[in-house]
Amino acid sequence: MRVRLLILLLGLFMLSGCGAALVAGGATAGYKVATDPRSVGTQTDDATLTAKVKLALLKDPVTKARKIDVDTVNGVVTLTGMVETEAERRRAEEVARRVAGVRAVRNNLMVGHRSFGRSLDDKLLTARIKAKLIAEPGIRSLSIDVDTVNGVVTLTGVVKSEEQRRRVLEIVRTTKGVKRVVDNLTVEP
């Protein structure tokens with residue numbers, strides 16, 4: 001009897017945690033949609049294009065899609081990550097361009113190998129940058145995607161003004177560990 005009660009309580013505890021995570025995730029998504037300068041329709045179209053490109057990359061026998069990050073802003077797809085060969089890099093761009101609705105492709109894929117340690121360093125650098133952007137007043141950090149590969153930081157997203165863009169770039173460039181910044185930020189009129 002005690003074991004059943006313990007299992008029941010443990011199950012309720014786990015469910016309550018999932019519920020909190022679900023609510024928090026929904027709140028974050030809601031905030032992101034509300035603060036993104038793009039219309040909800042454009043955000044939806046971009047999310048759909050991102051999903052279609054990821055699916056096309058997954059289906060392709062040449063590309064290793066799990067190593068490729070896909071972001072879309074106003075129909076422009078940005079590919080970021082590390083691939084093994086130049087042929088795979090070119091193929092990923094080709095696959096993305098063939099997806100209906102894609103206006104352009106920015107291919108920021110790097111050719112080479114990334115060690116586990118380097119991958120961890122990149123994740124920590126990305127986290128530091130995101131924390132700085134969140135702490136910065138006036139920056140809508142959830143509208144900016146940050147990807148880091150071998151210390152090269154790619155910024156993709158939408159900002160409200162050229163001043164915001166400059167401030168984001170300054171924050172990122174002055175973060176310890178950043179080797180280079182690829183600016184794919186779009187300023188909405």
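The values are calculated or read from the model by the stated rules, or taken from the named source; none is laboratory data. This structure is a prediction, so every number in the text was calculated from the model and none was measured. A quick note on method: Cβ atoms are made from the backbone with ideal geometry, for glycine too, and the neighbour counts reach across all protein chains shown. Note: accessible area is taken over every heavy atom of the protein model, side chains too, but ligands, DNA and RNA are not part of it. Shrake-Rupley method; radii C 1.70, N 1.55, O 1.52, S 1.80 Å.
Quick rundown of the values:
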quantity	calculated
Close pairs from the stretch 58-75: first within 16 Å of MET110 (Cα to Cα), partner open to solvent by 50 Å² or more (accessible area, probe 1.4 Å) and hydrophobic (A, V, I, L, M, F, W, C), Cβ under 6 Å, at least 6 apart	ALA65/LEU58
Boolean, VAL102 is in contact with a Leu (Cβ under 7 Å, 6 or more places away or on another chain) and hydrophobic (A, V, I, L, M, F, W, C)	yes
Subset of the stretch 97-124 that is in a loop (DSSP other than H, G, I, E, B) and within 19 Å of LEU185 (Cα to Cα) - its residue that is most open to solvent (accessible area, probe 1.4 Å)	ARG103
Boolean, VAL172 is assigned to a helix (DSSP H, G or I), open to solvent by less than 40 Å² (accessible area, probe 1.4 Å) and touching a residue at least 40 places away in the same chain (Cβ under 8 Å)	yes
Some residue of the stretch 34-52 being modelled with pLDDT of 90 or more and either open to solvent by 70 Å² or more (accessible area, probe 1.4 Å) or touching a helix residue (DSSP H, G or I) at 6+ places or on another chain (Cβ under 8 Å) (or both)	yes
Boolean, ASP69 is open to solvent by less than 30 Å² (accessible area, probe 1.4 Å) and closer than 20 Å to ILE144 by Cβ	no
Residue match in the stretch 125-133 (condition: touching a helix residue (DSSP H, G or I) at 6+ places or on another chain (Cβ under 7 Å), open to solvent by 30 Å² or more (accessible area, probe 1.4 Å), farther than 23 Å from THR50 by Cβ and not in a strand (DSSP E or B))	yes
Subset of the stretch 177-189 [in a loop (DSSP other than H, G, I, E, B) and in contact (Cβ under 8 Å) with a residue 12 or more places away in the chain]	GLY177, VAL178, LYS179, GLU188
Residue within the stretch 74-94 that is more than 19 Å from THR156 (Cβ to Cβ), modelled with pLDDT of 90 or more and polar (S, T, N, Q) present	yes
Options GLU94, GLU136; residue that is of a type in the set (D, E, K, R), within 25 Å of LYS64 (Cα to Cα) and surrounded by 12 or more Cβ atoms within 10 Å (Cβ to Cβ)	GLU94
The lone exception for ARG98 - which of (1) within 16 Å of the chain's Cα centre (by Cα); (2) at pLDDT 95 or above it fails	(1)
